[in-house]
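The values are calculated or read from the model by the stated rules, or taken from the named source; none is laboratory data. The structure presented is a predicted model; accordingly, all values stated were derived computationally and were not measured. Here the Cβ is made from the backbone with ideal geometry for all residues, glycine too, and neighbour counts use every protein chain on show. Calculation scope for accessible area: heavy atoms of the full protein, side chains included, ligands and nucleic acids excluded. Shrake-Rupley method; radii C 1.70, N 1.55, O 1.52, S 1.80 Å.
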Amino acid sequence: MLNLNKLSSMPYFTLKSLSSIAENNPLPTIKYWLKTQKITGLKRGMYVANSYLEKLSWQGKMDNYKEYLANNLLTPSYISFEYALSLYSLLTEAPYSVTSATLKTTRGFSNKLGSYYYYSLKPSLFIGYDRFAKNGFDIYLASKAKALFDYLYIKKRSIKTINKDIIKELRLNLTELSDNDLVELKGYVKLSGQSKLLKIYALLSSLKNS
């Protein structure tokens, strides 16, 4: 018989993992726990005990758990784009979703904790991130320069004419970019081989130094 108390110390569990230890089909039990609000569905086949979430909320660790969850709802992935830019104070507006880069197909998930969106990058650009320990959670997060590159890499698709006004409309707080950040950003831009990104980089550098 499945014991919810044992699962309450886990950041998440899956139907697949329960199937490997349960004597019978665990799905009816999962449905009962969902109905009685003992657990929360994170995505299809992935759950967390509500008592675990309550403990995190009481400890003030919920934001870090959401970031950890972003890494695990879809793997491999790392936090980047608008969400990371907001963490680095490069974006003046708070994002609606936790945004991440992945090697898999672009997709999104929504659950009780919020929205998570993943943009697909090719393997050669799936770099520039590191693992950070936050309140007991290992979180994969892009560097400041890589988060900006990823953001511009996706954003460029909707930019038809590149000029300073378009760059200003991105509402980036360029004062948060250091010279080293710009050097790192330029490396990613060159690696991409995108002429449009080179033009955007040149304008960003000009605005930053003006």
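If you filter segment 65-96 down to residues that are among the hydroxyl-bearing types (Ser, Thr, Tyr) and part of a loop (DSSP other than H, G, I, E, B), you find that the one that is nearest to PHE149 (Cα to Cα) is SER80.
Can you pull out every residue in segment 12-42 that is touching a residue at least 40 places away in the same chain (Cβ under 8 Å) and surrounded by fewer than 16 Cβ atoms within 10 Å (Cβ to Cβ)? Hit for segment 12-42 is GLY41, nothing else.
Here ILE139 clears all of (1) touching a residue at least 60 places away in the same chain (Cβ under 8 Å); (2) open to solvent by 60 Å² or more (accessible area, probe 1.4 Å); (3) part of a strand (DSSP E or B) except the condition numbered (2).
Of all the numbered requirements in (1) open to solvent by 20 Å² or more (accessible area, probe 1.4 Å); (2) touching a residue at least 60 places away in the same chain (Cβ under 8 Å); (3) under 30 Å from GLN37 (Cα atoms); (4) among the small types (Gly, Ala, Ser), GLY114 misses one, and that requirement is (2). The set of residues in segment 91-127 that are over 26 Å from TYR12 (Cα atoms) and modelled with pLDDT under 95 comprises LEU91, THR92, GLU93, ALA94. Among the residues of segment 93-111, those that are in contact with a helix residue (DSSP H, G or I) (Cβ under 8 Å, 6 or more places away or on another chain) and surrounded by 13 or more Cβ atoms within 10 Å (Cβ to Cβ) comprise PRO95, SER97, VAL98, THR99, SER100, ALA101, LEU103, PHE109.
Rundown of residues vs (1) at positive phi; (2) aliphatic (A, V, I, L, M); (3) buried (at least 16 other Cβ atoms within 10 Å of the Cβ), yes/no style:
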| residue | (1), (2), (3) |
| --- | --- |
| TYR118 | no, no, yes |
| LYS134 | no, no, no |
| LYS144 | no, no, yes |
| ILE154 | no, yes, yes |
| ASN163 | no, no, no |
| LYS190 | no, no, no |
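Scanning segment 30-47 for residues that are touching a helix residue (DSSP H, G or I) at 6+ places or on another chain (Cβ under 8 Å) and either over 17 Å from ASN111 (Cα atoms) or not polar (S, T, N, Q) (or both) turns up ILE30, TRP33, LYS38, ILE39, GLY41, LEU42, LYS43, GLY45, MET46, TYR47.
Note on segment 1-64: enclosed helices (runs of 4 or more DSSP H) holding 1 or more residues that are in contact with a Pro (Cβ under 8 Å, 6 or more places away or on another chain) are 15-21, 50-59.
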